[in-house]
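A short reminder: the numbers here are calculations on the coordinates, not readings from a lab. None of these values were measured; they are calculated from a predicted model. So basically every Cβ, Gly included, is an ideal-geometry build from the backbone, and we count neighbours across all protein chains shown.
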């Protein structure tokens, strides 16, 4: 099943976003990708390819059609508990030369994400564009879930800020995700809004279909690492933008807690090690920073600088005696 809105020209960027059993979170994410939310872009600049793996709880098509922008929607059947086939399918539907891959459709995004992604692909020959990741809530959702944090609590949290009118208010009710918690100036572990060229995507063979663990295991980390570590790519971080994970009972952020989650994570680690011959480690390439810094992001800039300073230690700054 599919539908699409008419487009007048070939877009510069195709955003491929994957959903499974999360209709309310999907609609929030898609709204943040609409032209009603994104700034300094129009619907001819980009398209959104929403790929949903069928469940008993799918997206409301009427609400999809009400979104402003250039949207395509595909509902497909999937026999395995992994998004890798949906991702590769979605990229096959893309019209643009560059694709932004959002493996987890529960990720809302900030208002200038598309504008600066387009800027990055216009400035660099072979960019890998990423943004820091955040979790909605005061702490990581896998930890918050143990204290009773759930979809109802998050709905109330989102209702407390006018995020639809000013998407940068999402930074006020979020914390850095586990893969980004060391800050902007240290290697991040993965990207949940990753923009690459179609040429690079094909060169890497797309997402590796051997990642069959529930939720895809470490398929997203794997593709990010392989893309970043290519010798001819530039890593571009949009440090003033972000992707914000909504609670949806996901495999690693809410559905399982305690020993059950620990077992799932160990299974993910083991599958990556089996496929790649080693355990995962973040790519070490130094990023180029691009974009504006909204005041709401300043506290994360401070955290990032402080973390990197502490990591280096005071011996690196003997003349300052530990002060900035």
Rounded to the nearest whole Å³, what is the per residue volume of the convex hull around the Cα atoms of segment 105-218? 135 Å³
Rough spin-label spacing in nm, given labels placed 7 Å along Cα→Cβ, for residue 276 and residue 292: 3.6 nm
Dividing the helical contributions, -39500 (n - 2.57) per DSSP H run of n ≥ 4, by the residues of the chain yields a 222 nm value, nearest 500 deg cm²/dmol, of -9000 deg cm²/dmol
Can you compute the label reach from residue 155? Point 7 Å from Cα along the Cβ direction, backbone N cut-off under 16 Å, restricted to segment 8-33. 22-29
For the chain, what are the per-bin percents of Cα-Cα distances with bins 10 Å wide, up to the bin holding the maximum? 6, 27, 37, 24, 6, 1, 0
Of 79, 95, 174, the one that fluctuates the most in a GNM where the chain has Cα springs shorter than 10 Å: 79
Hey, how many Å between the Cα centroid of segment 39-72 and the Cα centroid of segment 103-178? 18 Å
Long-range share for segment 81-137, i.e. C-alpha pairs more than 16 Å apart as a percent of all pairs, stands at 54 percent
How long is segment 9-49 along each principal axis, judged by its Cα atoms, biggest number first, in Å? 32, 18, 10
Projected onto their principal axes, the Cα atoms of segment 172-271 stretch, largest extent first, over whole-Å spans of 41, 37, 21
Given a Förster radius of 41 Å and the C-beta distance between residue 172 and residue 125 as r, what FRET efficiency does 1/(1 + (r/R0)^6) yield to the nearest 0.05? 0.65
